[in-house]
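Asks: Before anything else, here's the structure in question.
What follows is calculated from the coordinates using simple rules that are stated; it is not laboratory data. Keep in mind that this is a model prediction, so the values were computed, not measured.
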Amino acid sequence: MKNGILVGLLLVLLSACQQPTVYVYTEALTVKQKQQLTEKLQSQTLPFQFNDLPIPKEFLAATLALSKDKLRITEIEQLANIMQAMGYQPQINYVSVANHHYSNGNIGFYLRGEQTERHFKMPKLMRTTACSKDKYNDLQAIFSPKGVDFTLPNGTGTQLTWEYSEGYLVIYYQSTSQSYTHTTPLVSTPFGEKPSDTFAYNAQLEKPEWLNCSLQIVYMD
């Protein structure tokens, strides 16, 4: 019984001595920005831990999520200054957002880079490639802010809507949609390997079959 009491007291003392942690979430930061952030976090007071989970869209580009039960003003100011030093204006959240909740003095640090949907620029002219059916390869797709115009194998055109959301290109057709993952592979050409913007389709749609194609532009110059 005495040993049980001693263990219980030890656990209470350990939990009381535990230092709050800064949980760091980043998205679309360059390698240099990530390095700068790490160096700046090492200079502040609290221990920190990077997380690989994506930043919920409810958070602004620079957000500090705090625990209302234990506010550490000095440390919060240090973290806000880090965001400002990296060119961001921090937003302070005192409530749970997108199921991200903090207590016991822990702090959520969210920093999203500038490579977001608002800054994404879609290539104007692309062609289909790697289609599930060969007859849909090399169709022309012209992108504009208003939509994307596809030229179908019979020569007719159709305009669809599109958006770039959470790192994916999404094209909408009637009640369905196709999503694409952006990559930048080198493509073999008669003039050697050339850079490209390639959007690989993610789903196998029953129809329209011409959306079961990747989209690509190869830069020859």
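Asks: Which lysines have a Cα lying under 19 Å from the Cα of LYS133, excluding residues fewer than 8 positions away in the same chain?
Replies: LYS207
Asks: Cα to Cα, under 19 Å, and not fewer than 8 places away if on the same chain: which lysines meet these conditions relative to LYS146?
Replies: Cross-link targets: LYS121, LYS124.
Asks: Expressed in nm², what is the orientationally averaged projection area of the convex hull enclosing the Cα positions of the chain?
Replies: Dividing the Cα hull surface by four gives the mean projection, 19.3 nm².
Asks: In degrees from 0 to 90, rounded to the nearest 10, what is the angle of the helix 2-17 Cα long axis to the longest principal axis of the chain?
Replies: 60 degrees
Asks: Turning to a different aspect of this structure: Could you name the aspartates and glutamates in cross-link range of LYS70, using Cα to Cα under 13 Å and dropping any fewer than eight places away on the same chain?
Replies: Candidates past the 8-residue exclusion: nothing left.
Asks: Write down the radius of gyration of the stretch 94-204 and its Dmax, each obtained from C-alpha positions, in Å.
Replies: In Å, with Rg to one decimal and Dmax whole: 18.9, 64.
Asks: I would also like to ask the following. How high is the relative contact order of the chain? Use alpha-carbon pairs under 8 Å, at least six apart in sequence, and give a whole percent.
Replies: Answer for the chain is 15 percent.
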